[in-house]
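Visitor: Quick one: the structure is below, and I'll ask about it shortly.
The values are calculated or read from the model by the stated rules, or taken from the named source; none is laboratory data. This is a predicted model, so every value here is computed, not measured. Cβ sites come from the backbone with ideal geometry, for glycine too, and all protein chains shown count toward neighbours. With ligands, DNA and RNA removed, areas are computed over all heavy atoms of the protein, side chains included. Shrake-Rupley method; radii C 1.70, N 1.55, O 1.52, S 1.80 Å.
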Amino acid sequence: MRCCISRIVKWHSNLRNFSSANSTIISHIPQNSSDGPTSTRQINDETVSKMYGTSCEKFPADEPVSNMLVDSFGRKHTYLRISLTERCNLRCQYCMPAEGAELTASPQLLSQNEIVRLANIFVSSGVNKIRLTGGEPTVRKDIDDICLQLSNLKRLKTLAMTTNGITLAKKLPRLKECGLSLLNISLDTLVPAKFEFMTRRKGHDRVLNSIDAAIELGYSPVKVNCVVMRGFNDDEICDFVELTREKPINVRFIEFMPFDGNVWNSKKLVPYSEMMDILVRSGKELQRIQDHPTETAKNFRIDGHQGTVSFITSMTEHFCAGCNRLRLLADGNFKVCLFGPSEVSLRDPMRHGADDSELEEIIGAAIKRKKAAHAGMFNLAKTPNRPMIHIGG
């Protein structure tokens, strides 16, 4: 208890530094270029560094997809993220600008039928995984029906959802019945006071209850997304890892990324290499897991732990060469890269009578325009992009 109080006091003393981004920037942050991924810096020696790097680069040959889903670099896009709403019951600082964000009027958002129609086009062409995002997807009243219809699409193997967990516990039994097969729950701190500061709302205990409810319902692993920010929660990395000791939890540490309105600053960024240093110095014995070629995370097992730990290194060690992700926004815009400003509307041609083949042409043309890699860490901060609340988590 004394230790916990001490840490909370320390956090409050650091809060001003976090808010003003005056923390000292570390000297070893590498800058990405569009020519390819930077390699992780050495932690102990060259062998360890290679183990912590990306573990595979080639695409499997056994994923039949239509030409519509293949870009000019040969990447097969079999994973579609669908934002169901721009509304959310939290106001997380890295997602929602301090002054709020102007939300799209309801008539301009995709209806349930439009979502299912577009999803069917993608799945029929080779998409085998769909993830529902927001905003907060559980605030949408027809979430059950959407899950049921999507899970019944032929050739779809996985229906996942990313949620803040605030209302999840009571809705999850029905969502599982409707075919929801994978869960990511966002939680950036284990300290309630920090949670209220970051989200501008209460509800920390409800998120923890949702994680436990998911485990009880058999979700394994339950993925917990944690955006790591210097001066806010970088002192909790080892505490988050402890969540994986007795429970089938996959903690996913995410490098802080720039989006419009979230006041991104490199001084707030805690790079993957530094997070690894923290864990290695704490005595954790991490074993690299061989990842799928399209995996965005670097995944590790820890001796004696039931769960696993992952790192999403979008900023310091990008994974663009293996990207298989596409995004359908709540307003019907189609986005081929999370960090790219380019979007094309599927809603407008659909509402003006376009048939499926015409929509496929629009989708295919957008995918063919996808670039080899994003612009790099520091250039991304200067590139116009919508707030995350608009794009979808």
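Visitor: Work out from phi, with θ = phi - 60° and the Karplus expression 6.51 cos²θ - 1.76 cosθ + 1.60, the ³J(HN,Hα) of each residue of segment 356-367, listed in order in whole Hz, and give x for Gly and Pro.
Guide: Whole-Hz 3J(HN,Hα) from phi for segment 356-367: 4, 5, 5, 5, 4, 5, 5, 4, x, 5, 5, 5.
Visitor: Right, something else. Loop-only check: which trypsin sites (Lys or Arg not before Pro) in segment 99-160 are DSSP coil with at most 14 other Cβ within 10 angstrom? All intermediate terms of the calculation are to be shown ahead of the outcome.
Guide: Values: sites: Arg117, Lys129, Arg131, Arg140, Lys141, Lys154, Arg155, Lys157; in loops: Arg140, Lys141, Lys154, Arg155, Lys157.
Listed in order of number, the matching sites are Lys141, Lys154, Arg155, Lys157.
Visitor: Moving to a separate point now. Around Leu159, with a cut-off of 11 angstrom between Cβ atoms, what is the net charge of the other residues, counting Lys and Arg +1 and Asp and Glu -1?
Guide: +4
Visitor: Right, another one. Segment 142-252: D in µm²/s via Stokes-Einstein (Kirkwood Rh, Cα pairs, 4 °C, 1.567 mPa s)?
Guide: Here the translational diffusion coefficient equals 88 µm²/s.
Visitor: Given a 1.4 Å probe, how much area per residue of segment 254-350 is accessible, in Å²?
Guide: Accessible surface, normalised per residue, equals 32 Å².
Visitor: Please compute the net charge surrounding Gly307, taking Lys and Arg as +1 and Asp and Glu as -1 over other residues with Cβ under 13 Å from its Cβ.
Guide: Net charge around Gly307: +3.
Visitor: Using protein chains only and a probe of 1.4 angstrom, how many square angstrom of Ser72 are accessible, to the nearest 10?
Guide: Its heavy atoms expose roughly 80 Å² to the probe.
Visitor: Over segment 144-212, give the accessible area per residue in Å² for a 1.4 Å probe, as an integer.
Guide: Result: 43 Å² per residue.
Visitor: Shifting gears a bit: Which of Lys194/Lys284; Lys129/Lys335; Lys154/Lys370 have a Cα-Cα distance over 18 Å?
Guide: Beyond 18 Å: Lys194/Lys284; Lys154/Lys370.
Visitor: Could you tell me the accessible area of Arg245 in Å² (1.4 Å probe, neighbours in place), rounded to the nearest ten?
Guide: 80 Å²
Visitor: Suppose the chain between Ser345 and Ser282 were pulled fully straight at 0.36 nm per residue; how much longer would it get relative to their current alpha carbon spacing?
Guide: Net length gain for the segment: 17.8 nm.
Visitor: Same structure again: Could you please put Glu358, Glu255 in sequence from largest to smallest accessible area, using a 1.4 Å probe?
Guide: My answer, sorted largest first, is Glu358, Glu255.
Visitor: What distance in nm separates the simple spin-label points at Lys154 and Thr167, each placed 7 Å from Cα in the Cβ direction?
Guide: Distance between label points: 3.5 nm.
Visitor: Computing the accessible area with a 1.4 Å probe over protein heavy atoms, can you report the carbon and sulfur percentage for segment 273-353?
Guide: 48 percent
Visitor: Could you give the length gained by full extension between Lys141 and Ala105, i.e. 0.36 nm per residue of separation minus their alpha carbon distance, to one decimal place?
Guide: 11.3 nm
Visitor: Follow-up question, since we're still on this one. Once the whole set of protein chains is in place, how much accessible area is left on Ile211, using a 1.4 Å probe, in Å² to the nearest 10?
Guide: For Ile211, solvent-accessible area is about 10 Å².
Visitor: Once neighbouring chains are kept in place and the probe is 1.4 Å, which whole percent of the accessible area of segment 142-191 is contributed by carbon and sulfur?
Guide: Ligands and nucleic acids excluded, carbon and sulfur reach 50 percent.
Visitor: If you bin every alpha carbon distance in segment 205-334 into 5 Å steps from zero, what whole percent lands in each bin?
Guide: Here the calculated profile for segment 205-334 is 2, 9, 17, 20, 19, 18, 11, 3, 1, 0.
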